[in-house]
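Q: Quick one: the structure is below, and I'll ask about it shortly.
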Amino acid sequence: MSTNSNLPSFHTFDPILNDPLEIIPAILSSLGGDHTELKKASPLSRDIQNLKEGIEPVFDPATILYLSIGELDSEGRRGGPIDSSSGKERLGRFPYGDGNIVTYLLENTREKGDMTILHDLLSKLSDGLSEENLGELGFREGFGGLTLLGWLNRREVSELRSAIRSGRWEVLSEEPLDGGVDYAFRLLLAMLRSAQRKRCGVLMRRHS
């Protein structure tokens, strides 16, 4: 498979336990100084637990979301990655365009028949936290270059894996990388399988 090696960004797939849609209302309340519900939803996050009632947080919405949905151990430390170090590198630096493996799949596959969930879930994973798709401003770009792209909850992890394995999709004839779609789906399936074993959702982030 030929490659384009000029890749400006790296992408990671983090394990998450809370669904952003369920926790964003608590974040909006927290931005006004009411942290009660957010603390209930994120009991292991030290940063969240240290918020003072009646005082607005110093964090922006995207950073609060990142702090409140991640998989944490009993001491508030982030759990290990979904995939192995080698898998993380291959997923994060897909050898084409801006390095976004999910965008590559969306641009170079076509769903067959009544299949729609494949592209719906790929789009949610790669762009679900944009203002256009989420309907809320400020949950994409955060402090220190944090960029949250999208997510899948636990149920959707299973649904996307099943959709990929169904074979109800085809590669576009103009695909730029020979075998690129098959390679990308293999990498994505390995990550989704690991997420299922960990019983977690997935958050996709970009690092510039």
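Values quoted throughout were computed directly from the atomic coordinates according to the rules given, and no laboratory measurement underlies them. These numbers come from a predicted model, not from an experiment. Because the Cβ atoms are built from the backbone with ideal geometry, glycine has one as well, and the counts that use them run over all protein chains shown.
Q: Net charge near SER30: determine it from the other residues with C-beta under 12 Å of the C-beta of SER30, scoring Lys and Arg +1 and Asp and Glu -1.
A: Working: positive: LYS39, LYS40, LYS52; negative: ASP34, GLU37, ASP47, GLU53, GLU56, ASP60.
Taking every Cβ under 12 Å from that of SER30, the sum is -3.
Q: Going by average Cβ density within 10 Å per residue, which order do the peptides 193-201, 15-23, 57-65, 109-117 take, highest to lowest?
A: Values: 193-201: 17.0, 15-23: 18.8, 57-65: 20.3, 109-117: 12.8.
The most tightly packed comes first, giving 57-65, 15-23, 193-201, 109-117.
Q: Once you have the alpha carbon radius of gyration of segment 108-156, what is it after dividing by 2.2 N^0.38 Å, with N set to its residue count? Before the final figure, lay out each step's value.
A: On the way: Rg = 13.0 Å, N = 49, 2.2 N^0.38 = 9.7 Å.
Taking N as the residue count of segment 108-156, the ratio is 1.35.
Q: Hand me the GluC sites (Glu not before Pro) from segment 141-208 located in a DSSP loop with no more than 12 other Cβ atoms within 10 Å, in residue order please. Write down the numbers at each step before the final one.
A: Values: sites: GLU141, GLU156, GLU159, GLU170, GLU174; in loops: GLU174.
Taking segment 141-208 and a limit of 12 other Cβ atoms within 10 Å, the loop GluC sites (Glu not before Pro) found are GLU174.
Q: Give me the lysines in straight-line cross-link reach of LYS88: C-alpha distance below 25 Å, same-chain residues under 8 apart excluded.
A: LYS124, LYS198
Q: For ASP60, enumerate residues with amide H under 5 Å from its amide H, sequence gap 5+ or separate chain, H modeled in the peptide plane.
A: Counting only residues 5 or more places away or on other chains, the set is PHE143.
Q: Where Rh is the Kirkwood radius over the Cα pairs of segment 5-150, the temperature 20 °C and the viscosity 1.002 mPa s, what D in µm²/s does Stokes-Einstein return?
A: On the way: Rh = 16.8 Å.
Approximately 128 µm²/s, per Stokes-Einstein.
Q: Next question, about the same structure. Taking amide H positions as placed 1.01 Å from N in the peptide plane, with prolines and chain starts having none, which residues 5 or more places from TRP169, or on another chain, fall under 5 Å of its amide H?
A: LYS112
Q: Just to check I understand the Karplus step: with θ = phi - 60° and J = 6.51 cos²θ - 1.76 cosθ + 1.60, what whole-Hz values come out for segment 71-78, glycine and proline as x?
A: Running phi through 6.51 cos²θ - 1.76 cosθ + 1.60 with θ = phi - 60° gives 7, 10, 8, 5, 9, x, 8, 5 Hz.
Q: Still on this structure, please answer the following. If you filter segment 25-88 for trypsin sites (Lys or Arg not before Pro), then keep DSSP loop positions with at most 13 other Cβ within 10 Å, what is left? Write out the running numbers ahead of the final one.
A: Details: sites: LYS39, LYS40, ARG46, LYS52, ARG77, ARG78, LYS88; in loops: LYS52, ARG77.
Filter output for segment 25-88: LYS52, ARG77.
Q: Same structure again: Under the √(5λ) rule applied to the eigenvalues of the Cα gyration tensor, what semi-axes describe the equivalent ellipsoid of segment 80-188? Give them in Å, descending.
A: Here the semi-axes work out to 23, 18, 14 Å.
Q: Let me ask you something else. Nothing charged except the Cβ atoms of Lys and Arg (+1) and of Asp and Glu (-1): what's the magnitude of the dipole of the chain about its Cα centre? Round to the nearest 20 debye.
A: 900 debye
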